[in-house]
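Please read the structure below before turning to the comments.
The values are calculated or read from the model by the stated rules, or taken from the named source; none is laboratory data. All values reported here derive from a predicted model rather than from experimental measurement. With ideal geometry, Cβ positions are generated from the backbone for all residues, glycine too; neighbour counts draw on all protein chains shown. Ligands, DNA and RNA are excluded from the accessible area calculation, which covers all protein heavy atoms including side chains. Shrake-Rupley method; radii C 1.70, N 1.55, O 1.52, S 1.80 Å.
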Amino acid sequence: MPNEPNDMDSMTTKSDVAGTAMAGVFILLAAAAMWDTTTMVDADSYVFPRAVLIAMIVFCGLLIVRNLVRPGPSGANASAGSSARRVLLVAAMLGSTALMPVVGFFIAGLGAFLAIMMVAMYDPWTPYRRIVYPLACAAIVVVFYILFTRVLLVPLPSGLLFD
Amino acid sequence: MPGLEYLIAALTPFHIMLALAGVVAGTIVGSLPGLTATMAVAVLIPITFSMEPASALILMGAIYTGAIYGGAYAAILLNTPGTPSAIATTFDGFPMAKRGDGDLAVTLACIASVVGGLVGAAFLLWLSPPLAKVALAFGSVEYFWLAMFGLTMISALSQGSLLKGLIGACFGLLLSFVGVAEISADVRFTFGSRTLLGGIEIVSALIGLYCIPVLIDMVATPDRHLKVTHKTGGFRLAEALAFSWNYKFNLIRSSVIGTLVGILPGAGGSIAGLVAYSEARRASKNSKDFGHGAPEGVQATESANNATVGGGFIPTLVLGIPGTPPDAVILGALLIQGVRTGPTLFTDNGSTVYTFIYGLFLATLLMLPTGLIIGRYAYRTIITVPKSMLVPTVAFMTIIGSYSIRNSVSDVMIMIALGVVGWFLNRFGFSPSPIVLGLILGRIAEQGFVQAWTIGAATDELPAMFFGRPISLAIIAFILLSLFYPLIRGRWAAMRSSTDAE
Amino acid sequence: MTISRTIILAAMVALTPMAMAVAGQDKDYPDKSVSYIIPFGPGGESDITARLQQPFFKEKFGVDLVVSYKPGGGGAVAWSQLNSIKGDGYTIMGINLPHIIVKPLQKNVGFATKDITGIYMFHYTPDAIVVKKDSPFKTLKDLIEFAKANPGKLTMSGSGKGTANHIAKVRFDKMAGVKTTYVAFKGTGKAAAAMLGDQVKAEWGYTSVGAKYGDEVRLLAVAMNKRHPKFPNVPTFKELGFDLVSGAYRGIAVPKSTPENIRVKLSKMIGEINADPAFRKKMEDAGMALLDVDYAGMGAFMAKMTDIYTKAAREAGVIK
């Protein structure tokens, strides 16, 4: 199946708690969206969305019922590995994006690049690596920056702290 | 062959150089997630002012075709469609890469892209006028049914739990409604947020849902990203060629599907890839392998999406209606040059058009050697670069790429947010593909439905509108076939084995 | 000369360099490339008209005009970010009417009409009713007769709702006393395709549609004061008794923080491009109608348009 998350062996037969929880979240989301449709002026705007929302609530309901009646394989996947690094990766990306309008793309991007490199580093830090890696990081950022701003003429944010 | 005298005009050294440069540049642009063919072509517009229309078209067509192919690299090696047209390539391309067949996948993609591009260009050369009529006959109702057909793929794409796939698709549909609605000018589902005002952009959502979860898992373990089972010496070209020949029917069928979908204005490479994939899966003897690394899948999607290049030019040149987003930009460039598209284009401006079409053939053929070489380097790089450099590079590319689509920081935020959501959903058994399907098809389905309803209600022909038109009926037949074929096939197999047993 | 005259003359001589020093800030402008943000995607009409201006800008002022795109929300995303851009005159943005008037009235779209500092309106594409060349409607009268005989059955495509097309249809329906059905499509291209494919009976489009499709289509009437030079045989709505002069207007705006002298200078520059006969010819060939509302005239123009479009949008039911 396309994009099957990781290996099949980690599918356990314990009940699909996560699935049920997610279905619950989706139902709440659908309720909020349904409320939003009531603020719409034109009937054309909410006909289709409401149909989809109703379908979604029905499917979620069915999932919850199925899970309660017949707990089956969750189809979920255990994740090995370091959660800390995962969180740091996302934090680095979010932080860099948030800072972009402030310090400009180049600085924010370079910062994120270096941070993520550290997060993904599993090999020991030899002296060679200590020097070459950060230089490579900087080089890659510079190349992309020039490619995008000069060749592709994309106006990357320049930040409030500069010019 | 029509306009054969212009073949010579197409083969000037200048044009060959343009085609080569275009294909190489396009392939590189396409391989970077977030950079689309549309952007690449838009950047080139000022350069084309100083060129002849035919030369400008050749350059833009070459970039376009290279970019569509280039999207396969990231799809196969990083599970990220470099361009939306490569979505379906991830389904089998990435599993192939993970089990060590990445180089085979890349080479197959190259061959398939070239074949697809040639078929599309051939249709453009020979069958433009009649096919353009088909494009016009495809109205709102047909788009609606086509979107519905696309949605039947959910059953194929949701592993195990059909319910979770359906929920995912609904979620994707809802995401597509966020922002300003074209059909009613209402602002929907933004909950007052400025970030969401622009809606969920498809390419950044794709990157978020497919690539970010891969990155998140890459940092978590020190294992190699892709398995390498044997020395990556060659391209595995002989193997790929043999495979392509053995499955040539799949190749041709997918190319034709791609061309036909490309003709439909508004349906681009992504839909072509999905439809071809669905058909290939249905018709294949090895349909169980699809989604786990079936080379047929890669073949089908890559030939279909490159066929949309030629196919998309048909309504663009004959009717002046752009078949795909890059076509809209190219049309704009032509307009500025004063070239009037329309049926007279082939008769009055025959030199421009035929020179261009032969140039497109040329560029597509040039893609074979350039694609193989670039593909090999791409593969080598991804395999050998240490994770500590690969992850930040890809992460950085996703940020700069998703920003560049609409010059919007909001899109980057949405991408990361969807990435995190996608990672969690993946863990809980919700695959990202149905969500993406919903996202892509949502607007098409809604617009088709509302427009058809408005027209049908106004002319009091509602049932006839939805169920009375020949093309719609054909699509509905396909939908039913898609839904029930697996059941029927199972029933047949059961019947046959029971008669055998007697 | 008398003493008082001498004194005045001396004062003038003394003060002139000071005056020039103050105004002189704009003497060097522009000395690097100017960024032109289009609030829509590439390939649309806003893009094309900007691209038409590009070479003239470079030729007249020696610096590049770099076009970039910031689509989203039908233009709302870009306009809501206009005033957060540095106001040094090196970034300008395209603006469209009636979008910037109607959108803020509909919902919170992140900007108000008065936040947009327009400095020039350089053209509009006049509304027009377009039909296929083999359509049974040969004149506007035929269309109106059909609509009167079959209320609600005359389907007309158009680009979006709350847009120029839609508002024109509402106003016209009221003036002609008919009831037609409007079918909204995403963009003029799709609306034209629907008309050409016989999905709908006619299109509320623009003169640019007529220019693009040439003999394949017929324009029944145009919403202008005088006939369009490219379509001398097409009557205006006014001639036929309907006071409808409207279309999609395009212009240029700058961030609010841009100093006054730069605004004036930019206005003059755009005006210069607009006056160039070669530019005018290209625009008219594409079906556009040129307009010359400069910075000085913006205030009155916007007030008039706001009035017209607010009323029309309310009638159309697009705003409450």
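Listed here are the residues, each with its yes/no results for (1) outside any loop (DSSP other than H, G, I, E, B); (2) within 14 Å of chain B (Cβ to nearest Cβ); (3) out of contact with any strand residue (DSSP E or B) (no Cβ under 8 Å at 6 or more places or on another chain); (4) within 26 Å of residue C:62 (Cβ to Cβ).
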site: C:241; (1), (2), (3), (4): no, no, yes, no
site: C:244; (1), (2), (3), (4): no, no, no, no
site: C:251; (1), (2), (3), (4): yes, no, no, yes
site: C:256; (1), (2), (3), (4): no, no, no, no
site: C:279; (1), (2), (3), (4): yes, yes, yes, yes
site: C:299; (1), (2), (3), (4): yes, no, yes, no
site: C:304; (1), (2), (3), (4): yes, no, yes, no
site: C:309; (1), (2), (3), (4): yes, yes, no, no
site: C:319; (1), (2), (3), (4): no, yes, yes, no
Only one of B:314, B:271 is part of a helix (DSSP H, G or I), in contact (Cβ under 8 Å) with a residue 12 or more places away in the chain and open to solvent by 10 Å² or more (accessible area, probe 1.4 Å). Can you tell me which? B:271
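Does any residue of region B:372-388 turn out to be within 11 Å of chain A (Cβ to nearest Cβ), assigned to a helix (DSSP H, G or I) and open to solvent by 20 Å² or more (accessible area, probe 1.4 Å)? Before the answer, list the steps.
As a first pass, look at region B:372-388 and keep what is within 11 Å of chain A (Cβ to nearest Cβ): B:385-388.
With the extra rule that they be assigned to a helix (DSSP H, G or I), the set shrinks to B:387-388.
Okay, now just the ones that are also open to solvent by 20 Å² or more (accessible area, probe 1.4 Å), so B:387.
Yes, region B:372-388 has at least one match.
Name the residues in region B:458-469 that are in a helix (DSSP H, G or I) and open to solvent by less than 50 Å² (accessible area, probe 1.4 Å), would you? Don't jump to the end; show me each part of the working.
Taking region B:458-469 as the starting set, the residues that turn out to be in a helix (DSSP H, G or I) are B:458, B:462-467.
Once the filter is applied, which keeps residues that are in a helix (DSSP H, G or I) and open to solvent by less than 50 Å² (accessible area, probe 1.4 Å), region B:458-469 yields B:458, B:462, B:465, B:466.
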Region B:157-180, residues that are within 15 Å of residue A:36 (Cβ to Cβ), hydrophobic (A, V, I, L, M, F, W, C) and modelled with pLDDT under 90: B:180
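Go through region C:109-203 and tell me which strands (runs of 3 or more DSSP E), entirely inside it, have 3 or more residues that are more than 9 Å from every other protein chain (Cβ to nearest Cβ). Even if it seems obvious, please write down each step before you answer.
Values: elements: C:117-132, C:155-159, C:181-185.
Passing ranges, in order: C:117-132.
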Can you pull out the residues in region B:427-446 that are open to solvent by less than 10 Å² (accessible area, probe 1.4 Å), β-branched (Val, Ile, Thr) and either within 8 Å of chain A (Cβ to nearest Cβ) or over 17 Å from residue B:414 (Cα atoms) (or both)? none
Count - residues of region C:67-85 that are more than 10 Å from chain B (Cβ to nearest Cβ) and in a loop (DSSP other than H, G, I, E, B): 1
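I'd like the full set of residues that are out of contact with any Gly (no Cβ under 9 Å at 6 or more places or on another chain) and facing chain B (nearest Cβ under 10 Å), limited to region C:46-66. Write out each step before concluding.
We begin by selecting, within region C:46-66, every residue out of contact with any Gly (no Cβ under 9 Å at 6 or more places or on another chain); these are C:52-66.
Within region C:46-66, C:52, C:54, C:55, C:58, C:64, C:65, C:66 qualify.
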Do any residues in region B:470-486 that are open to solvent by less than 50 Å² (accessible area, probe 1.4 Å) have Cβ atoms under 6 Å from those of residues that are outside any helix (DSSP H, G or I), where the two are at least six apart or on different chains, and which pairs are they? B:479/B:152; B:482/B:152
Scanning region A:29-42 residue by residue, those over 28 Å from the mean Cα position of the chain (by Cα) and more than 8 Å from chain B (Cβ to nearest Cβ) turn out to be A:38, A:39
Restricting attention to region C:88-108, which residues are within 30 Å of residue C:28 (Cβ to Cβ) and either in a helix (DSSP H, G or I) or at pLDDT below 90 (or both)? C:88, C:89
For region C:206-229, pairs from a residue that is assigned to a loop (DSSP other than H, G, I, E, B) to a residue that is open to solvent by 50 Å² or more (accessible area, probe 1.4 Å), with Cβ under 6 Å and 6 or more apart or across chains, are C:229/C:284
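Taking the options B:216, B:202, B:257, name whichever one is in contact with a helix residue (DSSP H, G or I) (Cβ under 7 Å, 6 or more places away or on another chain) and open to solvent by less than 10 Å² (accessible area, probe 1.4 Å). Reasoning before the result, please.
Numbers: B:202 fails: open to solvent by less than 10 Å² (accessible area, probe 1.4 Å); B:257 fails: open to solvent by less than 10 Å² (accessible area, probe 1.4 Å).
Unique residue meeting the criteria: B:216.
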Per-region count, region B:329-367, residues buried (at least 17 other Cβ atoms within 10 Å of the Cβ), under 30 Å from residue B:244 (Cα atoms) and not hydroxyl-bearing (Ser, Thr, Tyr): 9
Scanning region C:205-249 for residues that are basic (Lys, Arg) and closer than 17 Å to residue B:319 by Cα, which turns out farthest from the chain's Cα centre (by Cα)? C:218
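In region C:148-159, what count of residues is obtained for those that are open to solvent by 10 Å² or more (accessible area, probe 1.4 Å) and in contact with a strand residue (DSSP E or B) (Cβ under 8 Å, 6 or more places away or on another chain)? Don't jump to the end; show me each part of the working.
Step one: of region C:148-159, the residues open to solvent by 10 Å² or more (accessible area, probe 1.4 Å) are C:148-151, C:153, C:159.
After this cut, where a residue has to be in contact with a strand residue (DSSP E or B) (Cβ under 8 Å, 6 or more places away or on another chain) as well, the list is C:153, C:159.
Qualifying residue count for the region: 2.
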How many residues of region B:1-44 are surrounded by fewer than 23 Cβ atoms within 10 Å (Cβ to Cβ) and within 14 Å of chain C (Cβ to nearest Cβ)? The answer is 2
Checking the structure you have, find out if any residue of region B:132-148 is away from chain C (no Cβ under 14 Å) and touching a Pro at 6+ places or on another chain (Cβ under 8 Å). no
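Of the residues that make up region B:223-245, is at least one closer than 26 Å to residue B:302 by Cβ and within 11 Å of another protein chain (Cβ to nearest Cβ)? Lay out the reasoning, then the answer.
At the first step, the residues of region B:223-245 found to be closer than 26 Å to residue B:302 by Cβ are B:224-245.
From what's left, within 11 Å of another protein chain (Cβ to nearest Cβ): B:224-225.
There is at least one residue in region B:223-245 that is closer than 26 Å to residue B:302 by Cβ and within 11 Å of another protein chain (Cβ to nearest Cβ).
Evaluate the following for residue B:119: is it open to solvent by 10 Å² or more (accessible area, probe 1.4 Å) and either under 30 Å from residue C:70 (Cβ atoms) or more than 11 Å from chain A (Cβ to nearest Cβ) (or both)?
On the way: open to solvent by 10 Å² or more (accessible area, probe 1.4 Å): yes; either under 30 Å from residue C:70 (Cβ atoms) or more than 11 Å from chain A (Cβ to nearest Cβ) (or both): yes.
Against the criterion (open to solvent by 10 Å² or more (accessible area, probe 1.4 Å) and either under 30 Å from residue C:70 (Cβ atoms) or more than 11 Å from chain A (Cβ to nearest Cβ) (or both)), residue B:119 qualifies.
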Limited to region A:99-120, what total is found for residues that are in contact (Cβ under 8 Å) with a residue 24 or more places away in the chain, more than 7 Å from chain B (Cβ to nearest Cβ) and farther than 20 Å from residue B:389 by Cα? 3
It is to be established whether one or more residues within region B:286-293 are assigned to a helix (DSSP H, G or I), farther than 28 Å from residue B:424 by Cα, within 14 Å of another protein chain (Cβ to nearest Cβ) and open to solvent by less than 30 Å² (accessible area, probe 1.4 Å). yes
Quick check on my filter: what residues within region A:30-70 are touching a Leu at 6+ places or on another chain (Cβ under 8 Å), more than 19 Å from residue B:186 (Cα to Cα) and free of Cβ contacts under 8 Å to residues at least 40 places away in the same chain? A:55, A:56, A:59, A:62, A:66
